[in-house]
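Have a look at the structure below, then the notes.
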Amino acid sequence: MAQRKGLVDLTVLALLTVHPSHPYELHRFIIDTHKDYITGLPRSLYHAVERLAADELIVPAKTDREGRRPERTVYEITDEGREELVTRLRRLLEQPDPDRRVFVAAISLIGCLPLPEAQRALRARAATLEGVLAGMEGHIKAMNDSGLPEILMLEVECEQALHTAELAWIRKLLDRLDQGELTWTSTAER
């Protein structure tokens, strides 16, 4: 639960690097861009804005009103908020989490990092996955040598396949980045 709350906060910080916005506008953008890892909208979003403002990672930029609608506060990210965004995002990219949605969320926000930092984080993750896979291979061999029926090892094989696929995808993404195939404009550097 805490990790998902952190993803809402992270997403708010990331979206505010694009331009100052009010919570309703952030809510619409999250829905329109299918950031499906965020749950509990709009309540979780409003709570995230309150937390981030209390921590001074975002600040009110202005308050406006359209017609008879209620006032809306437009928020912008602070320099401390940008630093926090980069730190959190880099950590999520580097460190595999059992909840695969965390990595999907980090990938969806990766453009907030400067390219070299994103590449370093992905290379660190790849190295970690290589170690995990080597350990799994040893575990599978030991279990097979012990005579344990293969049917009881299917979950380990499944995890191994998922880690292998993720590692292959990361390597392909790194190749694309190294070749300059993806346009990269970091929003956190502004």
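Counting only residues that are under 18 Å from Pro96 (Cβ atoms) and either in a loop (DSSP other than H, G, I, E, B) or within 28 Å of the chain's Cα centre (by Cα) (or both), the stretch 138-167 holds 13 of them. Residue pairs whose Cβ atoms lie under 7 Å apart, sitting 6 or more positions apart in sequence or on different chains, and linking a residue in the stretch 164-179 that is closer than 14 Å to Glu130 by Cβ and in the same structural domain as Ala118 (by TED's automatic domain parsing) to a partner that is polar (S, T, N, Q) and surrounded by 11 or more Cβ atoms within 10 Å (Cβ to Cβ), are Leu174/Gln119. When Arg91 is tested against the conditions (1) surrounded by 14 or more Cβ atoms within 10 Å (Cβ to Cβ); (2) under 26 Å from the mean Cα position of the chain (by Cα); (3) assigned to a helix (DSSP H, G or I), the lone failure is (1).
Filter the stretch 94-135 down to the residues that are charged (D, E, K, R) and not assigned by TED's automatic domain parsing to the domain that holds His19 and list them by number. Once the filter is applied, which keeps residues that are charged (D, E, K, R) and not assigned by TED's automatic domain parsing to the domain that holds His19, the stretch 94-135 yields Glu117, Arg120, Arg123, Arg125, Glu130.
The values are calculated or read from the model by the stated rules, or taken from the named source; none is laboratory data. In this text, all values refer to a predicted model and were calculated from it rather than measured experimentally. Positions of Cβ are generated from backbone atoms using ideal geometry, with glycine treated the same way; all protein chains shown enter the neighbour counts.
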